[in-house]
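Values quoted throughout were computed directly from the atomic coordinates according to the rules given, and no laboratory measurement underlies them. Quantities reported herein were computed from a predicted structural model and do not represent experimental measurements. No Cβ is skipped: glycine too gets one built from the backbone with ideal geometry, and neighbour counts run over all protein chains shown.
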Amino acid sequence: MVEFTLDGARVSAPEGELLVHAAARHGTFIPTLCHDEKLDPYGGCRMCLVDLEGAPRPVPACAQRVREGMVVSTNGETGALRRTLTEMLLAEHLSPNPGGRPNELTDLAEELGAQAPFLLPDAAREPYEDRNRLMGYDPGACILCNRCVRYTQEVMQCSALVFEGRGAEARVVPTHGHSWLDTECELCGGCLSVCPTGAIHEQFLGGSPAGHERALRKTKTTCTFCGVGCQIDLNVDPETKRIVKVTSDPSYVSNEGNLCVKGRFAFNFVHHPDRLTRPLVRGDDGKLHPASWDEALSLAAAGMNGVKERHGAQSIGLLASARLTNEENYLLQKLARGVIGTNSIHSCEAT
Ligand code: SF4
Ligand code: SF4
Ligand code: SF4
Ligand code: FES
């Protein structure tokens, strides 16, 4: 641990911790835009500048590590600097708040009371169209913070995004200007998840409540597609009660907010009309008929008991699945061993 001074108070932090995190733990919020805990320190947007005694100029708190005896001030002239930076960013962006998507830049502007003094004549960026149906990119909302490109390189290692152009023409595009579909992109949506302004966004959200994602209600659950068991948040439109997108939080232990294409985008099955919502039991006519859970479970139990009586417990085997939760798989083996009396239980993922 090291001790240092933060806005006049003596505080301590593990040596080498990033100043922005140490300050947050001590209740001092330093705004950031290009910083993401998952990514290496970058120091690109300068929004987190603080005064450091002895330094010739303000330093970015997201790239500065704490050290013994340092004296840091977060409430000096850097406050005015942040406001000016925010206004400059707003002046460069034609659509700082497209579609009501969560936007850290407009949140910050509101907090600092910053408004675009004018819109630069070259703020209108060339639109970007991509033929994939899951992710879109709106250059008018992009603040060139590089989070998405860094995510592709540092986390996903897909090398599918690059910066293109300079100055007012700069924007993010899939490698060589191809569609995302023609690059190494696996459509995991990770670059989308770290974008602070919604510039990279889900393409299919037209039906979200009044176009405003903040109204969505989140329900935490486990992805059912594979045994990794990623933790996800189903974002539900409170009016239609339909899932409109899936997100994940960096604090979730098993996957740290990262998902694959299935977990992030393949949720439409939940509302598919063909999906079974109640048990079906085959009748004497050979056809499947809706039944209550009690009826279906009694019938299944009677069937299994009949097999056990006629052929013995070892004639019954159960197939578990990594698509079930650990708890459900545990209960299944209890049913096999403790109730039916067979050790023949296996997971279809084990082979
Ligand atoms: S969606 Fe995933 S795989 Fe595709 S570019 Fe973004 S991070 Fe890479
Ligand atoms: S698309 Fe988003 S994450 Fe990427 S540079 Fe633009 S604002 Fe940053
Ligand atoms: S998000 Fe992908 S890796 Fe994670 S549990 Fe779902 S299918 Fe598996
Ligand atoms: S958040 Fe520190 S420089 Fe961008």
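When both segment 227-250 and segment 265-300 are represented by their alpha-carbon centers, they are found 24 Å apart. In percent, rounded to a whole number, the relative contact order of the chain is 10, using alpha-carbon pairs under 8 Å and six or more apart.
Our summary gives segment 58-172 a relative contact order of 21 percent, counting only alpha carbon pairs under 8 angstrom and 6 or more residues apart. Structural descriptor for segment 188-314: relative contact order 16 percent, calculated from alpha carbon pairs under 8 angstrom and at least 6 residues apart. The Cβ shell under 14 Å around S251 holds other residues with a net charge of -2, Lys and Arg each +1, Asp and Glu each -1. Extent of segment 252-351 along its three principal axes (Cα atoms, max minus min coordinate, largest first): 50, 34, 23 Å.
Computed from phi, the 3J(HN,Hα) profile of segment 147-153 under the Karplus parametrisation 6.51, -1.76, 1.60 (θ = phi - 60°) reads 4, 5, 5, 5, 4, 4, 7 Hz, with x in place of Gly and Pro. In the structure shown, the pairs K308/K334; K218/K245; K38/K220; K38/K262 are assessed against 18 Å; a Cα-Cα span above that value is assigned to K38/K220; K38/K262.
Ignoring chymotrypsin sites (Phe, Trp or Tyr not before Pro) that are buried or in helix or strand per DSSP, and keeping those with at most 13 other beta carbon atoms within 10 Å, what is the longest stretch of the chain between them? With a cap of 13 other Cβ atoms within 10 Å, the longest stretch comes to 119-351.
Stretching the chain fully between K220 and D294 yields a gain of 23.8 nm (0.36 nm per residue, less the alpha carbon separation).
Counted by neighbouring Cβ atoms within 10 Å, the residues I200, I316 run from fewest to most as I316, I200. Counting neighbouring Cβ atoms within 10 Å and putting the fewest first, the residues T219, T277 line up as T277, T219.
Once the Cβ-Cβ distance of H346 and A170 is raised to the sixth power relative to R0 = 51 Å, the FRET efficiency obtained is 0.40. For G177, the shell of other residues with beta-carbons less than 11 Å away shows a net charge of -2, using +1 for Lys and Arg and -1 for Asp and Glu. Give the aspartates and glutamates whose C-alpha is closer than 15 Å to that of K241, dropping any in the same chain fewer than 8 places away, or say none. Filter leaves E213, D233.
All other residues whose Cβ lies under 12 angstrom from that of F225 are scored, Lys and Arg at +1 and Asp and Glu at -1, for a net of +2. A straight chain from E309 to Q115 at 0.36 nm per residue would run longer than the Cα-Cα distance by 62.0 nm. When the charge dipole of the chain is built from unit charges on Cβ atoms (+1 for Lys and Arg, -1 for Asp and Glu) and taken about the Cα centre, the candidate among T28, T247, Q157 whose Cα reaches farthest toward its positive end is T247. In this simple spin-label approximation, E37 and A301 carry label points 7 Å from Cα along the Cα→Cβ vector, and these lie 4.6 nm apart.
Based on the convex hull around the alpha carbon atoms, the chain presents an average projected area of 24.9 nm².
Compared with the direct C-alpha span, the chain from H178 to R25 gains 50.8 nm at full extension, assuming 0.36 nm per residue.
Each of L119, L332, L6 was scored by other Cβ atoms within 10 Å of its Cβ. Arranged with the fewest first, they read L119, L332, L6.
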